[in-house]
Structure formats: C-alpha cells, structure tokens
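Below is one structure, written out as structure tokens, with a few remarks after it.
The values are calculated or read from the model by the stated rules, or taken from the named source; none is laboratory data. Just so we're clear, the structure is a prediction, and the values are computed from it rather than from any experiment. Note that we place each Cβ from the backbone using ideal geometry, even for glycine, and neighbour counts take in every protein chain shown.
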Amino acid sequence: MDEQAASTVKEKKDKEISRAEVMYREAKIMSVQGGSLDAIEKFEEALEIFEAADGKDVEVANICEQIGDLRTMRGNFKGAIPVYQRGLAICEKKNDPVSTVLLAEKVIDLYRKLG
C-alpha cells in the first residue's frame, strides 16, 4: 500500500472513531435525560465502531458497562450480565483491578437478583 492509500485509510478510521465518540457523548446525554432505549441503541452503534478499531479496549469496556447499567435499570438482568462480563474480561486483560472488582460485583449482584 502506498503512502497516499495508507493515509486515506487512516483518515477514514479516524473519522469513524470521531463518529463513535460523538455517539458515545450523545448516548450519555440521552441516558441522563431518561432516554434509556435510545441511549442503549447509540451505545451499541458506538460499540461496533470501537470494536472494529485496534487499541480501543478501554472504550469497549466502558460502553459495555454503560449498556449493562441501562439494561439493569430497565430490569433486563439477563441482558446486562453478558455485557458486564465482556467488560470484565477486558479489565482483567488490561490488569485494571478496580474496574475488574466493580464489574464483578455488578455481575454477582445480578445473579443474586435472578436467584
């Protein structure tokens, strides 16, 4: 790949990341304003973009937690557990003990609620 083509690919990826960051901010606002379903949808769109990008594990883990929190708030405990676990796996891989414990506690709490 020549320099110009590589530059074009990088610009396209950067635009996608910027778009995902905007979606993330919009989702946070929707969440605070009580639009949990719309927020989940926006978070999921941003998640797809961050997952496709290299080196965005922190963003992926953060969005997984946000989606899990919203699903929990809506009473969808079974839907929250897998996204929390996904974030948990990233935090363990990144050796982030604080986030690992916080997400593990959320998963444990949901299993208790499910009985």
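The set of residues in the stretch 1-33 that are outside any helix (DSSP H, G or I) and at pLDDT below 95 comprises Met1, Asp2.
Residues checked against (1) buried (at least 22 other Cβ atoms within 10 Å of the Cβ); (2) in contact (Cβ under 8 Å) with a residue 60 or more places away in the chain; (3) not in a helix (DSSP H, G or I):
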{"position": "Ala46", "(1), (2), (3)": "yes, no, no"}
{"position": "Glu51", "(1), (2), (3)": "no, no, no"}
{"position": "Val60", "(1), (2), (3)": "no, no, no"}
{"position": "Leu70", "(1), (2), (3)": "yes, no, no"}
{"position": "Gly75", "(1), (2), (3)": "no, no, yes"}
{"position": "Tyr84", "(1), (2), (3)": "yes, no, no"}
{"position": "Ala89", "(1), (2), (3)": "no, no, no"}
{"position": "Val98", "(1), (2), (3)": "no, no, no"}
{"position": "Leu102", "(1), (2), (3)": "no, no, no"}
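Any residue at all in the stretch 34-43 that's of a type in the set (A, V, I, L, M, F, W, C), touching a Pro at 6+ places or on another chain (Cβ under 9 Å), assigned to a helix (DSSP H, G or I) and at pLDDT 95 or above?
Quick first cut of the stretch 34-43, residues of a type in the set (A, V, I, L, M, F, W, C) only: 37, 39-40, 43.
The next check asks that each one be touching a Pro at 6+ places or on another chain (Cβ under 9 Å); those that pass are none.
No, every residue in the stretch 34-43 fails to be of a type in the set (A, V, I, L, M, F, W, C), touching a Pro at 6+ places or on another chain (Cβ under 9 Å), assigned to a helix (DSSP H, G or I) and at pLDDT 95 or above.
Can you find a residue in the stretch 1-14 that is under 26 Å from Val107 (Cβ atoms) and either hydroxyl-bearing (Ser, Thr, Tyr) or touching a residue at least 40 places away in the same chain (Cβ under 8 Å) (or both)?
Within the stretch 1-14, none of the residues are under 26 Å from Val107 (Cβ atoms) and either hydroxyl-bearing (Ser, Thr, Tyr) or touching a residue at least 40 places away in the same chain (Cβ under 8 Å) (or both).
Of all residues in the stretch 66-115, which are among the acidic types (Asp, Glu) and more than 28 Å from Gly35 (Cβ to Cβ)? Scanning the stretch 66-115 gives Glu92, Asp96.
Only residues that are of a type outside the set (Gly, Ala, Ser) and closer than 15 Å to Gln66 by Cβ were counted in the stretch 95-106, giving 3. Of the residues Glu65, Glu21, the single one that is out of contact with any helix residue (DSSP H, G or I) (no Cβ under 7 Å at 6 or more places or on another chain), surrounded by 14 or more Cβ atoms within 10 Å (Cβ to Cβ) and either in contact (Cβ under 8 Å) with a residue 12 or more places away in the chain or on the phi > 0 side of the Ramachandran plot (or both) is Glu21.
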